[in-house]
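**Student:** Would you mind keeping the following structure in view while I ask a few things?
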Amino acid sequence: MIPFFVYIAIFVGAFYTVRFIAQKTAVQDYTSLKTVTFGDESAVQSNRAASIVSIVTIFVLWGAFTGSSLMPSFMHAPGPFIGDTTFTYTAQAPDGTKDDATVHVRVHPADEKPDAIEAALGDGFAKDDALNMIAWRSKLIPVDKNDEITKKDGAKIVAIDGQPIAPGDSVSVGDGKVTLSDKGTPNFVPNKGWQMEPIWLPSPEAVVKRTIEIANQGYQGSTLWEHLGYSLMRVIVGFFFGALVGIPLGYAMGLSDWARGWFDPIVEFMRPVPPLALIPLVIIWAGIGESGKIILLFLAALWIMAIASRSGVSGVKISKVHAAYSLGANKRQIMRYVIVPNSLPEIFTGARVAMGVCWGTVVAAELVAAEKGAGKMIVTASKFQNTDIVIMGIILIGIIGFSIDMLMRWAEKFLVPWKGKG
(Lines give C-alpha, C1' and ligand atoms only; values in the text may rest on other atoms or scores of the structure.)
Protein backbone atom coordinates (compact mmCIF):
# COMPACT_ATOMS: atom_id res chain seq x y z
CA MET A 1 0.00 0.00 0.00
CA ILE A 2 2.91 2.38 0.62
CA PRO A 3 3.91 2.56 -3.10
CA PHE A 4 0.25 3.18 -3.96
CA PHE A 5 -0.01 6.16 -1.59
CA VAL A 6 3.31 7.51 -2.89
CA TYR A 7 1.97 7.19 -6.45
CA ILE A 8 -1.22 9.09 -5.53
CA ALA A 9 0.84 11.83 -3.87
CA ILE A 10 3.03 12.20 -6.98
CA PHE A 11 -0.07 12.24 -9.20
CA VAL A 12 -1.69 15.06 -7.23
CA GLY A 13 1.54 17.03 -6.88
CA ALA A 14 2.38 16.71 -10.59
CA PHE A 15 -1.15 17.76 -11.56
CA TYR A 16 -1.03 21.05 -9.67
CA THR A 17 2.59 21.71 -10.69
CA VAL A 18 1.98 21.15 -14.41
CA ARG A 19 -1.28 23.13 -14.32
CA PHE A 20 0.49 26.05 -12.64
CA ILE A 21 3.25 26.02 -15.27
CA ALA A 22 0.69 25.69 -18.08
CA GLN A 23 -1.23 28.71 -16.82
CA LYS A 24 1.94 30.79 -16.80
CA THR A 25 2.93 29.72 -20.31
CA ALA A 26 -0.54 29.35 -21.87
CA VAL A 27 -0.87 29.57 -25.65
CA GLN A 28 -4.06 31.06 -27.04
CA ASP A 29 -5.72 28.60 -29.43
CA TYR A 30 -9.23 27.48 -30.31
CA THR A 31 -9.52 25.14 -27.34
CA SER A 32 -8.31 27.72 -24.85
CA LEU A 33 -10.97 30.18 -26.07
CA LYS A 34 -13.85 27.78 -25.36
CA THR A 35 -16.11 28.84 -22.52
CA VAL A 36 -17.48 25.31 -21.94
CA THR A 37 -14.99 22.45 -21.75
CA PHE A 38 -16.38 20.04 -19.15
CA GLY A 39 -18.28 17.35 -21.05
CA ASP A 40 -16.92 18.48 -24.43
CA GLU A 41 -14.85 15.54 -25.72
CA SER A 42 -13.18 17.68 -28.35
CA ALA A 43 -11.72 19.91 -25.61
CA VAL A 44 -10.03 16.96 -23.86
CA GLN A 45 -6.63 16.19 -25.33
CA SER A 46 -3.83 14.05 -23.99
CA ASN A 47 -1.50 16.11 -21.82
CA ARG A 48 2.01 15.17 -22.95
CA ALA A 49 3.56 16.45 -19.74
CA ALA A 50 1.24 14.17 -17.74
CA SER A 51 2.24 11.21 -19.93
CA ILE A 52 5.95 11.84 -19.42
CA VAL A 53 5.58 12.35 -15.66
CA SER A 54 3.42 9.19 -15.44
CA ILE A 55 6.03 7.00 -17.14
CA VAL A 56 8.92 8.51 -15.18
CA THR A 57 6.97 8.06 -11.93
CA ILE A 58 6.47 4.35 -12.57
CA PHE A 59 10.17 3.79 -13.17
CA VAL A 60 11.17 5.96 -10.20
CA LEU A 61 8.87 4.00 -7.88
CA TRP A 62 10.11 0.74 -9.36
CA GLY A 63 13.70 1.74 -8.73
CA ALA A 64 13.03 3.24 -5.30
CA PHE A 65 11.25 0.17 -3.96
CA THR A 66 13.80 -2.30 -5.37
CA GLY A 67 16.96 -0.47 -4.34
CA SER A 68 18.00 0.07 -7.96
CA SER A 69 21.61 1.11 -8.59
CA LEU A 70 20.30 3.36 -11.38
CA MET A 71 18.95 5.75 -8.76
CA PRO A 72 20.83 7.71 -6.08
CA SER A 73 20.69 6.05 -2.70
CA PHE A 74 18.81 8.96 -1.08
CA MET A 75 15.82 8.10 -3.31
CA HIS A 76 15.72 4.47 -2.16
CA ALA A 77 12.92 3.36 0.11
CA PRO A 78 14.14 1.93 3.44
CA GLY A 79 15.61 -1.47 2.70
CA PRO A 80 15.77 -4.65 4.78
CA PHE A 81 18.16 -4.88 7.71
CA ILE A 82 21.52 -6.30 6.69
CA GLY A 83 24.37 -6.68 9.17
CA ASP A 84 25.01 -8.00 12.67
CA THR A 85 22.53 -7.67 15.50
CA THR A 86 21.83 -9.22 18.88
CA PHE A 87 19.00 -9.83 21.29
CA THR A 88 18.92 -11.29 24.76
CA TYR A 89 16.65 -14.04 26.00
CA THR A 90 15.91 -14.95 29.59
CA ALA A 91 15.60 -18.66 30.37
CA GLN A 92 13.95 -19.95 33.53
CA ALA A 93 14.91 -23.31 35.01
CA PRO A 94 12.35 -25.63 36.67
CA ASP A 95 13.49 -24.44 40.11
CA GLY A 96 12.71 -20.82 39.19
CA THR A 97 16.26 -19.60 38.66
CA LYS A 98 16.79 -17.36 35.64
CA ASP A 99 19.72 -16.74 33.38
CA ASP A 100 20.32 -14.44 30.39
CA ALA A 101 22.06 -15.32 27.15
CA THR A 102 22.69 -13.36 23.94
CA VAL A 103 21.82 -14.43 20.43
CA HIS A 104 24.18 -13.04 17.76
CA VAL A 105 22.62 -12.86 14.29
CA ARG A 106 24.29 -11.99 10.98
CA VAL A 107 21.76 -11.04 8.30
CA HIS A 108 23.02 -11.14 4.71
CA PRO A 109 21.62 -10.90 1.15
CA ALA A 110 20.56 -14.14 -0.52
CA ASP A 111 23.35 -13.96 -3.11
CA GLU A 112 26.11 -13.68 -0.51
CA LYS A 113 27.69 -16.25 1.81
CA PRO A 114 29.44 -14.41 4.66
CA ASP A 115 31.68 -16.03 7.22
CA ALA A 116 29.96 -17.69 10.14
CA ILE A 117 29.51 -15.42 13.13
CA GLU A 118 31.13 -16.52 16.37
CA ALA A 119 30.07 -15.93 19.94
CA ALA A 120 31.47 -16.95 23.31
CA LEU A 121 29.25 -19.31 25.26
CA GLY A 122 29.27 -17.19 28.42
CA ASP A 123 28.60 -18.24 32.02
CA GLY A 124 25.44 -19.71 33.54
CA PHE A 125 23.19 -22.50 32.31
CA ALA A 126 21.96 -20.42 29.34
CA LYS A 127 24.67 -20.14 26.66
CA ASP A 128 25.10 -17.55 23.93
CA ASP A 129 24.14 -18.51 20.34
CA ALA A 130 25.23 -17.37 16.88
CA LEU A 131 23.75 -17.89 13.43
CA ASN A 132 23.61 -16.51 9.89
CA MET A 133 20.35 -15.88 8.07
CA ILE A 134 19.09 -14.36 4.81
CA ALA A 135 17.43 -10.95 4.69
CA TRP A 136 13.61 -10.93 4.32
CA ARG A 137 13.47 -14.40 5.91
CA SER A 138 12.59 -15.69 9.36
CA LYS A 139 14.39 -18.38 11.28
CA LEU A 140 13.64 -20.53 14.30
CA ILE A 141 16.51 -20.37 16.77
CA PRO A 142 16.88 -23.47 18.99
CA VAL A 143 18.59 -21.45 21.72
CA ASP A 144 18.53 -24.33 24.23
CA LYS A 145 20.56 -26.56 21.92
CA ASN A 146 23.77 -25.68 23.78
CA ASP A 147 22.18 -24.75 27.14
CA GLU A 148 22.93 -26.82 30.21
CA ILE A 149 19.21 -26.93 31.09
CA THR A 150 17.01 -27.47 28.02
CA LYS A 151 13.28 -27.57 27.30
CA LYS A 152 13.35 -31.31 27.88
CA ASP A 153 14.55 -30.58 31.39
CA GLY A 154 11.69 -28.12 31.94
CA ALA A 155 13.44 -24.85 31.08
CA LYS A 156 11.49 -22.15 29.23
CA ILE A 157 12.01 -18.68 27.83
CA VAL A 158 10.21 -16.00 29.80
CA ALA A 159 11.60 -12.73 28.39
CA ILE A 160 13.25 -11.21 25.31
CA ASP A 161 15.43 -8.14 25.88
CA GLY A 162 13.84 -7.86 29.31
CA GLN A 163 10.28 -7.86 27.95
CA PRO A 164 8.04 -10.69 29.25
CA ILE A 165 6.97 -13.16 26.58
CA ALA A 166 4.82 -16.27 26.40
CA PRO A 167 4.27 -18.84 23.61
CA GLY A 168 2.50 -17.12 20.70
CA ASP A 169 3.59 -13.61 21.75
CA SER A 170 5.90 -11.29 19.80
CA VAL A 171 8.44 -8.74 21.02
CA SER A 172 10.13 -6.01 18.99
CA VAL A 173 13.91 -5.95 19.33
CA GLY A 174 16.49 -3.57 17.94
CA ASP A 175 16.59 -4.76 14.33
CA GLY A 176 13.57 -7.02 14.03
CA LYS A 177 10.94 -8.97 15.86
CA VAL A 178 11.04 -12.15 17.93
CA THR A 179 8.02 -14.42 18.14
CA LEU A 180 7.89 -17.32 20.59
CA SER A 181 6.46 -20.43 18.94
CA ASP A 182 3.87 -22.62 20.61
CA LYS A 183 6.70 -24.94 21.68
CA GLY A 184 8.70 -22.09 23.15
CA THR A 185 11.31 -21.61 20.40
CA PRO A 186 12.19 -18.03 19.38
CA ASN A 187 11.57 -17.11 15.74
CA PHE A 188 13.57 -14.08 14.62
CA VAL A 189 12.36 -11.87 11.75
CA PRO A 190 14.75 -9.03 10.80
CA ASN A 191 13.22 -5.73 9.72
CA LYS A 192 12.09 -6.01 6.09
CA GLY A 193 11.88 -2.31 5.32
CA TRP A 194 9.76 -1.02 2.44
CA GLN A 195 11.69 -2.47 -0.46
CA MET A 196 10.46 -5.48 -2.40
CA GLU A 197 12.41 -8.71 -2.27
CA PRO A 198 14.09 -9.46 -5.65
CA ILE A 199 12.23 -12.75 -5.95
CA TRP A 200 8.96 -10.79 -5.98
CA LEU A 201 10.08 -7.68 -7.86
CA PRO A 202 13.59 -7.44 -9.32
CA SER A 203 15.20 -4.10 -10.04
CA PRO A 204 15.02 -2.48 -13.50
CA GLU A 205 18.69 -3.20 -14.24
CA ALA A 206 18.18 -6.89 -13.36
CA VAL A 207 15.35 -7.10 -15.90
CA VAL A 208 17.45 -5.31 -18.56
CA LYS A 209 20.40 -7.62 -17.86
CA ARG A 210 18.21 -10.71 -18.20
CA THR A 211 16.66 -9.32 -21.42
CA ILE A 212 20.11 -8.89 -22.99
CA GLU A 213 21.12 -12.35 -21.81
CA ILE A 214 18.06 -14.06 -23.30
CA ALA A 215 18.32 -12.00 -26.50
CA ASN A 216 21.86 -13.36 -26.95
CA GLN A 217 21.49 -16.89 -25.59
CA GLY A 218 17.77 -17.66 -25.92
CA TYR A 219 15.47 -19.36 -23.43
CA GLN A 220 14.11 -22.90 -23.37
CA GLY A 221 15.78 -23.74 -26.66
CA SER A 222 14.46 -20.73 -28.63
CA THR A 223 15.66 -17.19 -29.13
CA LEU A 224 13.77 -14.25 -27.72
CA TRP A 225 12.76 -13.19 -31.22
CA GLU A 226 11.34 -16.64 -31.95
CA HIS A 227 9.23 -16.51 -28.79
CA LEU A 228 7.89 -13.05 -29.67
CA GLY A 229 7.48 -13.92 -33.34
CA TYR A 230 5.37 -17.00 -32.66
CA SER A 231 3.10 -15.07 -30.29
CA LEU A 232 2.72 -12.25 -32.79
CA MET A 233 1.93 -14.71 -35.58
CA ARG A 234 -0.75 -16.46 -33.52
CA VAL A 235 -2.37 -13.18 -32.50
CA ILE A 236 -2.42 -11.78 -36.04
CA VAL A 237 -3.81 -14.97 -37.58
CA GLY A 238 -6.46 -15.39 -34.87
CA PHE A 239 -7.47 -11.73 -35.12
CA PHE A 240 -7.55 -11.87 -38.94
CA PHE A 241 -9.98 -14.77 -39.04
CA GLY A 242 -12.02 -13.26 -36.20
CA ALA A 243 -12.40 -10.04 -38.20
CA LEU A 244 -12.99 -11.95 -41.43
CA VAL A 245 -16.02 -13.68 -39.92
CA GLY A 246 -17.08 -11.10 -37.33
CA ILE A 247 -17.39 -8.05 -39.60
CA PRO A 248 -19.81 -9.64 -42.12
CA LEU A 249 -21.71 -11.16 -39.22
CA GLY A 250 -22.06 -7.74 -37.59
CA TYR A 251 -23.19 -6.16 -40.87
CA ALA A 252 -25.80 -8.88 -41.31
CA MET A 253 -27.10 -8.31 -37.78
CA GLY A 254 -27.23 -4.57 -38.37
CA LEU A 255 -29.04 -4.77 -41.72
CA SER A 256 -31.38 -7.76 -41.38
CA ASP A 257 -33.95 -8.28 -38.64
CA TRP A 258 -33.91 -12.03 -39.35
CA ALA A 259 -30.10 -12.21 -38.99
CA ARG A 260 -30.32 -10.00 -35.90
CA GLY A 261 -32.86 -12.30 -34.30
CA TRP A 262 -30.95 -15.43 -35.32
CA PHE A 263 -27.41 -14.49 -34.29
CA ASP A 264 -28.00 -11.97 -31.48
CA PRO A 265 -28.63 -14.61 -28.77
CA ILE A 266 -25.47 -16.48 -29.79
CA VAL A 267 -23.28 -13.38 -29.87
CA GLU A 268 -24.63 -11.95 -26.61
CA PHE A 269 -24.27 -15.36 -24.93
CA MET A 270 -20.66 -15.88 -26.02
CA ARG A 271 -19.49 -12.27 -25.55
CA PRO A 272 -19.14 -12.42 -21.73
CA VAL A 273 -17.58 -15.91 -21.75
CA PRO A 274 -13.84 -15.45 -21.08
CA PRO A 275 -11.50 -17.19 -23.54
CA LEU A 276 -9.86 -19.01 -20.61
CA ALA A 277 -13.08 -20.95 -20.06
CA LEU A 278 -12.89 -22.27 -23.63
CA ILE A 279 -9.44 -23.88 -23.30
CA PRO A 280 -10.69 -27.37 -22.31
CA LEU A 281 -13.24 -27.37 -25.14
CA VAL A 282 -10.65 -26.17 -27.67
CA ILE A 283 -8.28 -28.97 -26.62
CA ILE A 284 -11.04 -31.55 -27.06
CA TRP A 285 -12.04 -30.19 -30.47
CA ALA A 286 -8.71 -29.17 -31.99
CA GLY A 287 -6.10 -30.97 -29.92
CA ILE A 288 -2.95 -29.39 -28.54
CA GLY A 289 -1.45 -28.33 -31.87
CA GLU A 290 -1.15 -24.90 -33.40
CA SER A 291 -4.74 -24.90 -34.63
CA GLY A 292 -6.10 -24.97 -31.07
CA LYS A 293 -4.25 -21.78 -30.16
CA ILE A 294 -5.45 -20.02 -33.33
CA ILE A 295 -9.04 -21.09 -32.65
CA LEU A 296 -8.89 -19.69 -29.11
CA LEU A 297 -7.64 -16.32 -30.36
CA PHE A 298 -10.18 -16.42 -33.20
CA LEU A 299 -13.01 -16.81 -30.68
CA ALA A 300 -11.56 -14.01 -28.55
CA ALA A 301 -11.77 -11.59 -31.51
CA LEU A 302 -14.91 -12.87 -33.22
CA TRP A 303 -17.61 -11.59 -30.87
CA ILE A 304 -15.94 -8.20 -30.36
CA MET A 305 -15.69 -7.59 -34.08
CA ALA A 306 -19.30 -8.72 -34.63
CA ILE A 307 -20.62 -6.34 -31.98
CA ALA A 308 -18.44 -3.47 -33.24
CA SER A 309 -19.68 -3.95 -36.79
CA ARG A 310 -23.30 -4.18 -35.67
CA SER A 311 -22.86 -1.02 -33.62
CA GLY A 312 -21.25 0.73 -36.57
CA VAL A 313 -24.19 -0.05 -38.84
CA SER A 314 -26.71 0.94 -36.18
CA GLY A 315 -24.92 4.25 -35.65
CA VAL A 316 -25.23 5.43 -39.24
CA LYS A 317 -27.41 8.54 -39.27
CA ILE A 318 -30.71 7.82 -41.03
CA SER A 319 -30.64 11.31 -42.55
CA LYS A 320 -27.64 10.27 -44.63
CA VAL A 321 -29.47 7.16 -45.87
CA HIS A 322 -32.54 9.24 -46.78
CA ALA A 323 -30.37 11.77 -48.59
CA ALA A 324 -28.71 9.02 -50.63
CA TYR A 325 -32.07 7.46 -51.57
CA SER A 326 -33.40 10.87 -52.58
CA LEU A 327 -30.46 11.19 -54.96
CA GLY A 328 -31.38 7.90 -56.63
CA ALA A 329 -28.92 5.53 -54.93
CA ASN A 330 -29.72 1.80 -54.86
CA LYS A 331 -29.02 -0.62 -52.01
CA ARG A 332 -25.58 -1.55 -53.31
CA GLN A 333 -24.60 2.13 -53.49
CA ILE A 334 -26.09 2.81 -50.06
CA MET A 335 -23.95 0.00 -48.70
CA ARG A 336 -20.77 1.15 -50.43
CA TYR A 337 -20.98 4.91 -50.04
CA VAL A 338 -22.99 5.38 -46.82
CA ILE A 339 -23.05 2.38 -44.49
CA VAL A 340 -19.48 1.10 -44.90
CA PRO A 341 -17.72 4.50 -44.61
CA ASN A 342 -19.81 5.56 -41.60
CA SER A 343 -19.38 2.25 -39.79
CA LEU A 344 -15.59 2.05 -40.23
CA PRO A 345 -14.78 4.21 -37.15
CA GLU A 346 -16.70 1.79 -34.90
CA ILE A 347 -15.04 -1.19 -36.61
CA PHE A 348 -11.57 0.25 -36.06
CA THR A 349 -12.38 0.87 -32.40
CA GLY A 350 -13.58 -2.73 -32.09
CA ALA A 351 -10.44 -3.96 -33.88
CA ARG A 352 -8.23 -2.18 -31.35
CA VAL A 353 -10.20 -3.72 -28.47
CA ALA A 354 -10.14 -7.16 -30.10
CA MET A 355 -6.38 -6.99 -30.67
CA GLY A 356 -5.89 -6.07 -27.02
CA VAL A 357 -8.01 -9.02 -25.91
CA CYS A 358 -6.06 -11.33 -28.23
CA TRP A 359 -2.79 -10.16 -26.71
CA GLY A 360 -4.25 -10.76 -23.27
CA THR A 361 -5.35 -14.23 -24.34
CA VAL A 362 -2.10 -15.32 -25.99
CA VAL A 363 -0.62 -16.35 -22.63
CA ALA A 364 -3.60 -18.65 -22.03
CA ALA A 365 -3.48 -19.90 -25.62
CA GLU A 366 0.16 -20.89 -25.20
CA LEU A 367 -0.65 -22.95 -22.14
CA VAL A 368 -1.92 -25.56 -24.60
CA ALA A 369 1.38 -27.45 -25.04
CA ALA A 370 3.21 -24.61 -26.78
CA GLU A 371 6.95 -24.95 -27.32
CA LYS A 372 7.55 -21.32 -28.31
CA GLY A 373 5.89 -18.02 -27.51
CA ALA A 374 6.06 -15.11 -25.09
CA GLY A 375 3.26 -16.62 -23.02
CA LYS A 376 5.04 -19.97 -22.86
CA MET A 377 8.23 -18.18 -21.77
CA ILE A 378 6.37 -16.35 -18.99
CA VAL A 379 4.59 -19.47 -17.72
CA THR A 380 7.80 -21.53 -17.70
CA ALA A 381 9.72 -18.78 -15.92
CA SER A 382 7.01 -18.46 -13.27
CA LYS A 383 7.37 -22.13 -12.37
CA PHE A 384 11.03 -21.52 -11.48
CA GLN A 385 10.27 -18.14 -9.83
CA ASN A 386 12.34 -16.29 -12.46
CA THR A 387 10.45 -13.06 -11.85
CA ASP A 388 12.85 -11.03 -13.98
CA ILE A 389 11.92 -13.12 -17.05
CA VAL A 390 8.22 -12.82 -16.22
CA ILE A 391 8.44 -9.02 -15.98
CA MET A 392 10.57 -8.91 -19.15
CA GLY A 393 7.91 -10.90 -21.02
CA ILE A 394 5.10 -8.70 -19.72
CA ILE A 395 6.94 -5.52 -20.71
CA LEU A 396 7.70 -6.84 -24.21
CA ILE A 397 4.09 -7.97 -24.72
CA GLY A 398 2.92 -4.54 -23.57
CA ILE A 399 5.35 -2.73 -25.89
CA ILE A 400 4.32 -4.84 -28.88
CA GLY A 401 0.63 -4.48 -28.05
CA PHE A 402 0.99 -0.72 -27.66
CA SER A 403 2.89 -0.52 -30.95
CA ILE A 404 0.15 -2.43 -32.75
CA ASP A 405 -2.49 -0.16 -31.21
CA MET A 406 -0.58 2.94 -32.37
CA LEU A 407 -0.24 1.40 -35.84
CA MET A 408 -3.99 0.78 -35.97
CA ARG A 409 -4.67 4.36 -34.83
CA TRP A 410 -2.43 5.62 -37.63
CA ALA A 411 -4.20 3.35 -40.13
CA GLU A 412 -7.57 4.63 -38.89
CA LYS A 413 -6.44 8.22 -39.23
CA PHE A 414 -5.18 7.50 -42.77
CA LEU A 415 -8.08 5.31 -43.97
CA VAL A 416 -10.95 7.03 -42.13
CA PRO A 417 -10.08 10.75 -42.22
CA TRP A 418 -13.75 11.68 -41.94
CA LYS A 419 -14.11 10.26 -38.42
CA GLY A 420 -15.72 12.81 -36.10
CA LYS A 421 -16.40 15.29 -38.90
CA GLY A 422 -20.11 14.96 -39.30
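The values are calculated or read from the model by the stated rules, or taken from the named source; none is laboratory data. What you see is a predicted model; the values in this text were computed from it and never measured. We work out accessible area using only protein heavy atoms, side chains counted, and drop any ligands, DNA or RNA first. Shrake-Rupley method; radii C 1.70, N 1.55, O 1.52, S 1.80 Å.
**Student:** At a threshold of 8 angstrom on Cα-Cα distance, excluding pairs fewer than six apart, so keeping six or more, what relative contact order does the stretch 115-254 reach in percent? Mind dumping the intermediate values first?
**Tutor:** Details: 131 pairs, mean separation 20.0, N = 140.
Once divided by the residue count of the stretch 115-254, the mean separation gives 14 percent.
**Student:** I would also like to ask the following. Give me log10 I(q)/I(0) at q = 0.16, 0.30, 0.31, 0.32 Å⁻¹ for the stretch 173-218, Debye formula, one equal scatterer per alpha-carbon, no solvent.
**Tutor:** Taken in order of the listed q values, log10 I(q)/I(0) reads -0.64, -1.01, -1.02, -1.04.
**Student:** Shifting gears a bit: Show me the helices of the chain, taken as full DSSP H stretches, that run 15 Å or more along their long axis by Cα and average 1.0 or above in Kyte-Doolittle hydropathy.
**Tutor:** 2-24, 48-64, 224-255, 290-314, 387-415
**Student:** If you bin the C-alpha pair distances of the stretch 265-422 every 5 Å from 0, what whole percents do you get?
**Tutor:** All Cα pairs considered, the percentages come to 1, 9, 14, 15, 15, 14, 11, 8, 6, 4, 2, 1, 0, 0.
**Student:** Can I ask one more? I'd like to check one number: the per residue accessible area of the stretch 42-178, probe 1.4 Å, reported in Å² as a whole number.
**Tutor:** The answer is 57 Å² per residue.
**Student:** Just the number, please: Stokes-Einstein D of the stretch 73-208 in µm²/s, Kirkwood Rh from C-alpha pairs, 37 °C, 0.692 mPa s.
**Tutor:** Numbers: Rh = 16.1 Å.
Translational D for this selection: 204 µm²/s.
**Student:** Remind me, what semi-axes does the stretch 173-272 give for its equivalent ellipsoid, largest first in whole Å, using sqrt of 5 times each Cα gyration tensor eigenvalue?
**Tutor:** Values for the stretch 173-272, descending: 54, 27, 11 Å.
**Student:** Using a 1.4 Å probe on the protein chains only, how many percent of the accessible area of the chain belongs to carbon and sulfur?
**Tutor:** After summing per-atom areas, the C and S share lands at 64 percent.
**Student:** A further question follows. What number, in percent, do you get for the relative contact order of the chain if the mean sequence gap of Cα pairs under 8 Å and at least 6 apart is divided by its residue count?
**Tutor:** 12
**Student:** Taking Cα pairs under 8 Å and at least six residues apart, what relative contact order does the stretch 289-422 come out at, in percent?
**Tutor:** 28
**Student:** So which of LYS145/LYS177; LYS127/LYS183; LYS152/LYS192; LYS127/LYS192; LYS376/LYS413 end up more than 26 Å apart by C-alpha?
**Tutor:** LYS152/LYS192; LYS127/LYS192; LYS376/LYS413
**Student:** As an exercise, take the mean of 1/r over every pair of distinct alpha carbons in the stretch 361-422, invert it, and state the Kirkwood radius in angstroms. Provide the component values of the computation, followed by the final result.
**Tutor:** On the way: mean 1/r = 0.0735 Å⁻¹.
Answer for the stretch 361-422: a Kirkwood hydrodynamic radius of 13.6 Å.
**Student:** Any chance you could check the Cα centroid distance between the stretch 381-422 and the stretch 185-259 for me, in angstrom?
**Tutor:** For the stretch 381-422 versus the stretch 185-259, the Cα centre distance is 10 Å.
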